[in-house]
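Reviewing the structure listed below.
Throughout, read-outs are computed from the coordinates displayed, never taken from laboratory work. Computed from a predicted structure; not experimentally measured. All Cβ positions, glycine included, derive from the backbone under ideal geometry; neighbour counts span all protein chains shown.
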Amino acid sequence: MEKLTPKKIVRELDKYIIGQSSAKRSVAIALRNRWRRQQVDEPLREEISPNNIILIGSTGVGKTEISRRLATLVNAPFVKVEASKFTEVGYVGRDVESMIRDLIEVSVKQVRSESEAKVIGKALRNANERILEILFPTGEKESISEEAINRQDRTRKKMKDRLENGDFESRIIKIKAKSKSMPMLQVMGPLGMDDMSSNIQDMLSSVMPSKKKTQRMKVSEAREIFSEEEAEKLIDMDDVIRVAIDRVEQSGFIFLDEIDKIAGQGGGSSPDVSREGVQRDILPIVEGSTVSTKYGQVKTDHILFIAAGAFHVSKPSDLIPELQGRFPIRVELDNLSQSDFVKILTKPKNALLKQYEALLQAEGVTLEFNKDAINEIAKIATELNDTMENIGARRLHTVLTSLLDDILFDLPDKKITEISINKKMVQEKLSNLSEDEDLRRYIL
């Protein structure tokens, strides 16, 4: 995180997200402030609260994509949750504390994989020793002569060298491996009691002895199973949990998507009451509270929250004032223009045109788009967003699917090796759909 400066974060986001510079800047500063806080001396460090962000913008402008890319950028516990999935305490559904439990699960998995990477060398050596014992059992050395022991050691060393060179990778051996228990208790906990049911499963699995079953498999497959078992023995899980909890509390962050769906409009109907109840439940988590998890108590005082919502029906002021105050930084994302669509189609690493070119390459077909064709696709997508519901960059998916529908269906039966899409083809294929409002309503 020390090397991940705000400018570097923005540059990384620019590889996948077009425009929205203000949102990228706000997110980059908030992430960098996580590291800056760690450098502050202890008495003042606890007083520095994260500046939570709320991203406001139409659907398809890049709010969720920002969260996806942040998850791959930062080496910190991160989880994306949908606010619309939560229900008020007492109703059937997920309670808001489950987001913290999800975050600690992510952190434990992250720290555990880091610990496994440190001991994987020793775990592989131990796994190879176990495989060698199956391929060439030594037996008891007390009952044989010293010369036989030396001869056995020499043979074993040769076998070990051959094993490490990969000579036995395809040989079938018989091993005893831990059998994975079936989640029999899953039906016990209804929706919203997922943590309780997992706790019951963990408790019973620790009480009941783990069964081992005999399996026949290749040496290469057995090595994977043995190395996992050996790594598990070498890792101190208490230390993993301690580091994971500390990492969540000090550098964890949660992306709270679809927050506009829990914003009421001041009516007296029960759905609005329930939405406000969810806001009241989220408030103490964002303010800072202690949440009980199966790994221990987790404090949420310094967890960063980034919320996002389209706010088509409601507006940010419809959130309860206390929750609004906990998201001091508001960033409005811009609607996408025709020039933005052209960039989205061509510039990002995962650009849509590159994806379709790769898909058709699998059929041995080279797909090319002329510059005029790209501009025409962007123009049609912009017009459709203006005349119908504005769904942002997602409109490009529908336009391209309609454009390439016949090509994708005819391949590989149609024997062609190269396809060039020009402006005329785009107009012929999409003109009827873009002009006919009834067709457009159902197809695009």
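Details
- Likely footprinting exposure, D318, D406, fewest C-beta neighbours within 10 Å first: D406, D318
- Relative contact order (%) - criterion: Cα under 8 Å, at least six apart; region: the range 363-426: 65 percent
- Residue exposure sequence - S251, S113 - by fewest surrounding Cβ within 10 Å: S113, S251
- Electrostatic tally near R171: other residues with Cβ closer than 12 Å to its Cβ, Lys and Arg +1, Asp and Glu -1, net +2.
- The range 1-134, relative contact order in percent, only Cα pairs under 8 angstrom and at least six apart counted: 19 percent
- Using a cutoff of 8 angstrom between alpha carbon atoms and counting only pairs six or more residues apart, the relative contact order for the range 305-444 works out to 25 percent.
- Flagged links, alpha-carbon separation over 28 Å, of K7/K349; K63/K429; K8/K85: K63/K429; K8/K85
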